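**Q** Please see the structure below; I have some questions.
Read the figures in this text as sums done on the coordinates, not as results from a lab. Just so it is clear, the structure is predicted and the values come from calculations on it, not from any experiment. Glycine gets a Cβ as well: all are built from the backbone with ideal geometry, and neighbour counts include every protein chain shown.
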């Protein structure tokens with residue numbers, strides 16, 4: 001039996017702009033008595049990546065916050081009271097255009113990385129160089145969903161693994177072609193990693209071990225083109 | 001370090017109406033050389049539960065199929081060509097009112113269990129009795145999402161664990177109250193389990209080990225009330 005393991009990366013200190021996040025992750029893992037292996041997937045919440053990249057903005061008052069949300073949004077999808085559902089420059093549709101006021105000092109907000117795939121790629125290269133392994137990296141954020149209450153972590157950046165697995169042409173045990181063919185594997189990985197990261201537990205990274213995925217995808221693979229979308 | 005493990009339940013034969021699914025799962029695990037422990041969460045795709053419960057319907061032609069979708073739907077949310085997004089009797093909003101033609105003989109379709117929480121509860125009781133453990137059970141299905149391409153597994157039935165973890169009042173390291181408070185933990189568990197189940201690999205069950213969840217929820221906790229929903 002192949003057991004999938006999800007290991008929290010514990011002991012990471014608060015990340016500051018310019019920190020060497022890759023080294024900090026590798027050292028935290030070493031301090032905990034284990035090490036990365038080929039095909040491991042390192043999952044990191046965007047908060048630490050955004051902090052490292054200096055994507056932090058002062059918001060002295062609510063008007064500044066609202067202007068920032070407006071600025072990060074390329075399209076407002078819905079608005080009700082203070083809640084704004086917007087499309088970001090990356091194409092993500094989420095609350096407040098992903099401008100985030102938790103896990104940051106009061107009076108400040110975090111923005112998403114400018115190019116999360118590139119952030120993932122850079123982090124992956126640095127970790128691979130430090131550990132002589134071949135790994136994948138997923139950067140996550142926490143999004144709400146229409147129709148279903150509660151939030152889940154999803155992928156917002158990826159490097160070294162596919163975003164979607166396409167089973168088109170695959171047949172089930174009855175010989176039927178599967179009608180469910182495109183699995184958003186990288187979102188399932190993000191959700192799985194959140195089970196050990198938690199929102200309040202200050203664990204911003206985890207390692208998924210035991211998946212053997214071929215290929216490499218981009219986060220744009222997950223963005224549904226507007227013309228395919230029934231819910232705008 | 002607490003490692004979360006996700007173990008596939010391999011070797012389950014094709015499930016038939018009236019099968020003792022609980023015993024079959026326990027036996028398959030024993031044949032694979034391990035056994036269930038307290039606090040394990042058994043995740044099962046609805047397909048095997050629906051088959052066991054006889055929720056299988058003949059669909060000799062496309063008109064019968066369309067009539068069945070119409071019958072399972074209590075509200076049509078969107079329609080484009082052959083694609084119908086509908087709300088089921090349970091409150092789930094999904095494609096084709098969850099009427100499923102994969103993993104079933106040609107000319108037939110599977111419906112969701114009538115009361116998936118009750119199905120989960122029954123399965124849990126039978127497994128607990130057979131193994132003298134205290135476990136949780138999650139029943140899953142594969143849903144699409146607005147805005148994001150690819151499908152993910154979500155929970156449609158639950159017993160013995162919470163559906164949502166509410167972190168309201170929890171503070172982050174900066175002393176801010178979290179604004180993200182309700183995590184759909186049972187959907188994250190469903191997504192995580194799918195990583196070892198797969199769509200074509202004929203593994204319809206998995207065990208999540210290492211989560212220590214208190215409380216018990218209902219799947220209805222995940223249904224967003226229409227008046228809160230911006231996307232109908």
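**Q** Kindly give the distances from residue B:229 to its copy-mates, label point to label point, with each label point 7 Å from Cα along Cα→Cβ, as nm values to one decimal ordered shortest first.
**A** 1.8
**Q** Rounded to a whole number, what is D in µm²/s for region A:121-173 from Stokes-Einstein with the Kirkwood radius over alpha-carbon pairs (4 °C, 1.567 mPa s)?
**A** 93
**Q** Evaluate E = 1/(1 + (r/R0)^6) for residue A:67 and residue A:130, where r is the Cβ-Cβ distance and R0 equals 45 Å; express this FRET efficiency to the nearest 0.05.
**A** Taking R0 as 45 Å, the efficiency between residue A:67 and residue A:130 is 0.65.
**Q** Any number yet on Rg/Rh for the protein assembly as shown, C-alpha, Kirkwood?
**A** 0.96
**Q** Here's something else I'd like to know. In what order do A:89, B:39, A:51 fall by count of nearby beta-carbon atoms within 10 Å, going from fewest to most?
**A** A:89, B:39, A:51
**Q** In whole Å, how far is the Cα centre of region A:113-150 from that of region B:50-87?
**A** Rounded to whole Å, the Cα centres lie 38 Å apart.
**Q** For residue A:106, project a label point 7 Å along Cα to C-beta. Then give me every residue of region A:62-80 with its amide nitrogen under 20 Å of that point.
**A** A:62-66
**Q** In peptide B:223-231, how many Cβ atoms from other protein chains are near each Cβ within 10 Å, on average?
**A** 4
**Q** Taking just the C-alpha trace of region B:1-131, give me its Rg and Dmax in Å.
**A** 17.2, 55
**Q** Determine the shape class of region B:56-111: with a ≥ b ≥ c the square roots of the Cα gyration tensor eigenvalues, call it rounded for a/c under 1.5, and otherwise prolate if a/b is greater than b/c, oblate otherwise.
**A** prolate
**Q** Another one. Inside 10 Å of the C-beta atoms of A:4-10, what's the mean count of C-beta atoms belonging to other chains?
**A** Mean number of neighbouring Cβ atoms from other chains: 5.
**Q** Under a crude label model (7 Å from the Cα following the beta-carbon direction), how far is residue A:228 from residue B:30 in nanometres?
**A** Each label point lies 7 Å from its Cα, and together they span 4.6 nm.
**Q** Considering the Cα trace of region B:17-92, what is its radius of gyration and what is Dmax, both in angstroms?
**A** 17.8, 49
**Q** Pairs of alpha-carbon atoms within less than 8 angstrom and 6+ residues apart define the contacts here; what relative contact order does chain A have, in percent?
**A** Reported relative contact order: 26 percent.
**Q** What percent does the relative contact order of region B:96-232 come to when contacts are Cα pairs within less than 8 Å and at least six residues apart?
**A** Here the relative contact order equals 20 percent.
**Q** Under a no-solvent Debye model with one identical scatterer per Cα of region A:79-223, what's log10 I(q)/I(0) at q = 0.10, 0.13 Å⁻¹?
**A** -0.41, -0.68
**Q** Across the residues of A:150-158, average count of Cβ atoms on other protein chains within 10 Å?
**A** So the per-residue partner count for this stretch is 5.
**Q** Right, something else. In what sequence do B:119, A:132, B:35 fall when counting other Cβ within 10 Å, fewest first?
**A** A:132, B:35, B:119
**Q** Further question: Which whole-number percent gives the relative contact order of region A:56-111, counting Cα pairs below 8 Å spaced six or more residues apart?
**A** Over region A:56-111, the number comes to 36 percent.
**Q** If neighbour count is taken as other Cβ atoms inside 10 Å, put A:212, B:102 in order from fewest to most.
**A** A:212, B:102
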